[in-house]
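Engineer: Below: one structure in structure tokens.
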Amino acid sequence: MAALDIHQIPVLKDNFIYLAREPDSGCVAVIDPAEAGPVLDKAKALGWRITHILNTHHHPDHVGGNIEIKEATGCAIVGPAADPDRIPGMDVQVNDGDTYDLGQARAQVFFVPGHTRGHIAYWFKDSAALFCGDTLFSIGCGRLFEGTPRQMWTSLSRLRVLPPETRIYCAHEYTESNIRFAVSLDPDNAALRKREAEVKALRAAGKYSVPSLMGDERAANPFLRADDPVLAAAVGMAGKDPADVFAEVRRRKDVF
Ligand code: ZN
Ligand code: FE
């Protein structure tokens, strides 16, 4: 089974849209199109025909291009079954545990509420690629607009056990500010310091810090480490329920 060919399109202030092509079938999915123009231009430049849109959640910077791309290409729009009314033009609803085939490439769907109540993620196991929208960022996680800390902690706990070589295609370039916060809590974390240096060099060279690898995130991302005694102690919550530690870390980030 051939791996997806993935292109990254930076749009708006700090969003990423992804184009993913499955080479055997020629199927091309757009993941979370904030806008249509740059996506249609990129597909044209690559000679790719868009057949699908995969949405992770309903926010405008993830679905803003849905209708225009669908009108231009006739593509099918796939999105969360838990959020049927807020995904423009949705044709196919997927649930936790479902699979969805983009040609020969199979995605496993995770229901990951917290940022929004309907948020899902798509894991293409054979391509080692996770499209997780605004649930997991490099060294960060999404704000809790519609979910509880416990829900988000559960969601992130399910994603962090994916293989360490999994590339995390998140929807925003927030890594530098996430690292500033993480270092304030966890200054002696060698994996975090390594990531800090790496991201500094990437950004200085005008490159993106995304995708990152799950193995690196597990070691360095404070939002994946609420059950690590070192992190719990850093927020004065040694021995407390990880969901409560997570809530405190998220609260601190919100006011950082
Ligand atoms: Zn969002
Ligand atoms: Fe977003």
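Engineer: For the range 3-16, does any single residue satisfy the condition of being more than 15 Å from ligand 1 (Cβ to nearest atom) and aromatic (Phe, Trp, Tyr)?
Structural biologist: No - not one qualifying residue is present in the range 3-16.
For (1) in a strand (DSSP E or B); (2) more than 20 Å from the chain's Cα centre (by Cα); (3) on the phi < 0 side of the Ramachandran plot, each residue gets a yes or a no:
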site	(1), (2), (3)
LEU19	yes, no, yes
ALA34	no, no, yes
ALA43	no, yes, yes
HIS58	no, no, yes
ALA82	no, no, yes
ALA107	yes, no, yes
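Engineer: In the range 155-165, is there at least one residue being closer than 28 Å to PHE111 by Cα, surrounded by 23 or more Cβ atoms within 10 Å (Cβ to Cβ) and over 14 Å from the mean Cα position of the chain (by Cα)?
Structural biologist: Taking every residue of the range 155-165 in turn, none turns out to be closer than 28 Å to PHE111 by Cα, surrounded by 23 or more Cβ atoms within 10 Å (Cβ to Cβ) and over 14 Å from the mean Cα position of the chain (by Cα).
Engineer: Only one of GLY114, GLY103, GLY65 is crowded, with 21+ Cβ neighbours inside 10 Å, in contact with an Asp or Glu (Cβ under 6 Å, 6 or more places away or on another chain) and of a type outside the set (Lys, Arg). Can you tell me which?
Structural biologist: Details: GLY114 fails: in contact with an Asp or Glu (Cβ under 6 Å, 6 or more places away or on another chain); GLY103 fails: crowded, with 21+ Cβ neighbours inside 10 Å.
The match here is GLY65.
Engineer: Please go through (1) touching an Asp or Glu at 6+ places or on another chain (Cβ under 8 Å); (2) part of a helix (DSSP H, G or I); (3) of a type in the set (A, V, I, L, M) for ALA219 and return the number of the only condition it doesn't satisfy.
Structural biologist: For ALA219, the exception is condition (1).
Engineer: Can ILE87 be described as part of a strand (DSSP E or B), within 16 Å of ligand 2 (Cβ to nearest atom) and modelled with pLDDT of 95 or more? Talk me through it step by step, then tell me what you get.
Structural biologist: Values: part of a strand (DSSP E or B): no; within 16 Å of ligand 2 (Cβ to nearest atom): yes; modelled with pLDDT of 95 or more: yes.
No, not satisfied.
Engineer: Condition first: closer than 24 Å to ARG158 by Cα, of a type outside the set (A, V, I, L, M) and either out of contact with any Asp or Glu (no Cβ under 7 Å at 6 or more places or on another chain) or loosely packed, with under 15 Cβ neighbours inside 10 Å (or both). Now tell me which residues in the range 196-214 satisfy that.
Structural biologist: Applying the first criterion (closer than 24 Å to ARG158 by Cα) to the range 196-214 yields 209-214.
Still in the list and also of a type outside the set (A, V, I, L, M): 209, 211-212.
Scanning the range 196-214 gives PRO211, SER212.
Engineer: Kindly provide the set of residues from the range 181-199 that are free of Cβ contacts under 8 Å to residues at least 24 places away in the same chain and not in a loop (DSSP other than H, G, I, E, B), ordered by number.
Structural biologist: Of everything in the range 181-199, those that are free of Cβ contacts under 8 Å to residues at least 24 places away in the same chain and not in a loop (DSSP other than H, G, I, E, B) turn out to be VAL183, ALA190, ARG193, GLU196, ALA197, GLU198.
Engineer: Going by what's in this entry, would THR99 be described as hydroxyl-bearing (Ser, Thr, Tyr), within 17 Å of LEU130 (Cβ to Cβ) and away from ligand 2 (no atom under 16 Å from the Cβ)?
Structural biologist: Details: hydroxyl-bearing (Ser, Thr, Tyr): yes; within 17 Å of LEU130 (Cβ to Cβ): yes; away from ligand 2 (no atom under 16 Å from the Cβ): yes.
Yes: the conditions hold for THR99.
Engineer: While we're here: Looking at (1) surrounded by fewer than 23 Cβ atoms within 10 Å (Cβ to Cβ); (2) not in a loop (DSSP other than H, G, I, E, B), which one does LYS13 not meet, given that it meets all the others?
Structural biologist: (2)
Engineer: Given the structure, is ILE77 more than 23 Å from PHE145 (Cβ to Cβ) and either within 16 Å of ligand 1 (Cβ to nearest atom) or within 19 Å of the chain's Cα centre (by Cα) (or both)?
Structural biologist: On the way: more than 23 Å from PHE145 (Cβ to Cβ): no; either within 16 Å of ligand 1 (Cβ to nearest atom) or within 19 Å of the chain's Cα centre (by Cα) (or both): yes.
Criteria not met by ILE77.
Engineer: Run down ARG225, ARG193, ARG251 and say which single residue is surrounded by 15 or more Cβ atoms within 10 Å (Cβ to Cβ) and either closer than 26 Å to HIS58 by Cα or in contact with a helix residue (DSSP H, G or I) (Cβ under 6 Å, 6 or more places away or on another chain) (or both). So that I can check it myself, show each step before the final result.
Structural biologist: Values: ARG193 fails: either closer than 26 Å to HIS58 by Cα or in contact with a helix residue (DSSP H, G or I) (Cβ under 6 Å, 6 or more places away or on another chain) (or both); ARG251 fails: surrounded by 15 or more Cβ atoms within 10 Å (Cβ to Cβ).
Just a single option satisfies the conditions, and that option is ARG225.
Engineer: Separate question: For the range 60-75, how many residues are away from ligand 2 (no atom under 16 Å from the Cβ), part of a helix (DSSP H, G or I), of a type outside the set (A, V, I, L, M) and in contact (Cβ under 8 Å) with a residue 12 or more places away in the chain? Reasoning before the result, please.
Structural biologist: So in the range 60-75, the residues away from ligand 2 (no atom under 16 Å from the Cβ) come out as 67-75.
Right, trim to part of a helix (DSSP H, G or I) and you get 67-73.
Next cut, of a type outside the set (A, V, I, L, M) only: 68, 70-71, 73.
Right, trim to in contact (Cβ under 8 Å) with a residue 12 or more places away in the chain and you get 68, 70, 73.
Total meeting the criteria: 3.
Engineer: Another one. Looking at LEU224, LEU162, LEU136, can you tell me which residue is touching a Phe, Trp or Tyr at 6+ places or on another chain (Cβ under 9 Å), more than 16 Å from ligand 2 (Cβ to nearest atom), among the aliphatic types (A, V, I, L, M) and in contact (Cβ under 8 Å) with a residue 24 or more places away in the chain? Talk me through it step by step, then tell me what you get.
Structural biologist: Numbers: LEU224 fails: touching a Phe, Trp or Tyr at 6+ places or on another chain (Cβ under 9 Å); LEU136 fails: more than 16 Å from ligand 2 (Cβ to nearest atom).
When all the criteria are applied, what remains is LEU162.
Engineer: Could you look through the range 153-180, keep only residues that are assigned to a helix (DSSP H, G or I) and among the β-branched types (Val, Ile, Thr), and pick out the one that is farthest from PRO229 (Cα to Cα)? Walk me through how you get there before you give the answer.
Structural biologist: Initially, the range 153-180 is screened for residues assigned to a helix (DSSP H, G or I), giving 153-159, 175-180.
After this cut, where a residue has to be among the β-branched types (Val, Ile, Thr) as well, the list is 154, 175, 179.
Details: THR154: 18, THR175: 24, ILE179: 20 Å.
So, considering only residues that are assigned to a helix (DSSP H, G or I) and among the β-branched types (Val, Ile, Thr), the one farthest from PRO229 (Cα to Cα) is THR175.
The values are calculated or read from the model by the stated rules, or taken from the named source; none is laboratory data. This one's a predicted model, so the numbers in the text were calculated from it and none came from an experiment. Cβ coordinates were reconstructed from backbone atoms using ideal geometry, including for glycine residues, and neighbour counts include every protein chain displayed.
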